[in-house]
1. With respect to Ile36, determine if the residue is touching a Phe, Trp or Tyr at 6+ places or on another chain (Cβ under 6 Å), of a type outside the set (Gly, Ala, Ser), in the same structural domain as Val74 (by TED's automatic domain parsing) and not in a helix (DSSP H, G or I).
2. Being touching a Lys or Arg at 6+ places or on another chain (Cβ under 9 Å) and either among the acidic types (Asp, Glu) or surrounded by fewer than 16 Cβ atoms within 10 Å (Cβ to Cβ) (or both) is the filter here; which residues of the stretch 187-205 pass it?
3. For Gly47, work out the one condition from (1) closer than 27 Å to Met189 by Cα; (2) part of a helix (DSSP H, G or I); (3) of a type in the set (Gly, Ala, Ser) it doesn't fulfil.
4. When the stretch 19-41 is examined, which residues are found to be touching a residue at least 60 places away in the same chain (Cβ under 8 Å) and not hydrophobic (A, V, I, L, M, F, W, C)?
5. Which of the numbered conditions does Pro71 fail, given that it passes all the others? Conditions: (1) under 21 Å from Leu190 (Cα atoms); (2) in contact (Cβ under 8 Å) with a residue 60 or more places away in the chain.
6. What residue, of Glu92, Glu52, Glu76, is assigned to a helix (DSSP H, G or I), touching a residue at least 60 places away in the same chain (Cβ under 8 Å) and surrounded by fewer than 20 Cβ atoms within 10 Å (Cβ to Cβ)?
7. Every residue in the stretch 1-44 that is of a type in the set (A, V, I, L, M, F, W, C) and exposed (fewer than 14 other Cβ atoms within 10 Å of the Cβ), please.
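The values are calculated or read from the model by the stated rules, or taken from the named source; none is laboratory data. Note that this is a predicted model, so its numbers are computed, not measured. Heads up, the Cβs are rebuilt from the backbone with ideal geometry, glycines too, and the neighbour counts pull from every protein chain shown.
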Amino acid sequence: MYDNVIWDFNGTIIDDVDIGINALNKLLKKYGYKTIDDKDHYRSIFGFPIKEYYARAGFDFNKISYDVLAPLWVEEYLAHEPEAPVIYGVIEAMNKLKSNGIHQYLVSATEINMLRDQLKSRGLQNRFEGVFGLDNIHASSKQTVATEVVKGLRGNTVMLGDTIHDAECAVAAGADVILIASGHQTYEMLSASGHVTVRNALEAVDIILGR
């Protein structure tokens, strides 16, 4: 059994896929690029670093700088972010972990103050023993943050996330990982990475508790 669980936020705790797609499409349309057709298309190109994902979406940074696009996307995303629900089963999963004495933390590529606001608006601000995000909105990588968090923990740690990048962060940090196909990348993509992959948070908890 594990002593510590580190949660990802976007796509793992909240379902913000549609909001992310809509924000991206508004920028693509504004600058004359072809928009994203559907969730499958989106999930096939999404990834970290975010700058590379923007390039796969079609943006030419010689025409429009990533440093201009990033805050525009955040502005559009934040206008609708409160609409993103907590994913079904997540609260129950957190409760089960807590009742079994497992310490829970949050590591996200979201800017830290934005992340705290998002947690507070959903009543999740007291669910974690530590909340860690980035200090800017460009979200280049959360790997360094995850590594520092894991270093400071005692016992065995597993990270829960919805992207291959979450798995990369876990491996670099020296933690185990369970990928949950509830968000920004498909079950097929996640399982093909070779990491343990489940459909929802409750399935992840069963693995964590050795059931």
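1. Criteria met by Ile36.
2. Tyr187, Leu202, listed by residue number.
3. Here Gly47 meets the rest and fails (2).
4. Those that are touching a residue at least 60 places away in the same chain (Cβ under 8 Å) and not hydrophobic (A, V, I, L, M, F, W, C): Gly20, Asp40.
5. (1)
6. Residue meeting the stated conditions: Glu92.
7. Selection gives Met1 alone.
Residue-wise test of (1) assigned to a helix (DSSP H, G or I); (2) of a type outside the set (A, V, I, L, M, F, W, C); (3) free of Cβ contacts under 8 Å to residues at least 60 places away in the same chain; (4) in contact with a Lys or Arg (Cβ under 9 Å, 6 or more places away or on another chain).
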position	(1), (2), (3), (4)
Asn126	no, yes, yes, no
Phe132	no, no, yes, yes
Ala146	yes, no, no, no
Val150	yes, no, no, no
Val158	no, no, no, no
Asp166	yes, yes, no, yes
Cys169	yes, no, no, yes
Ile178	no, no, yes, no
His184	no, yes, no, yes
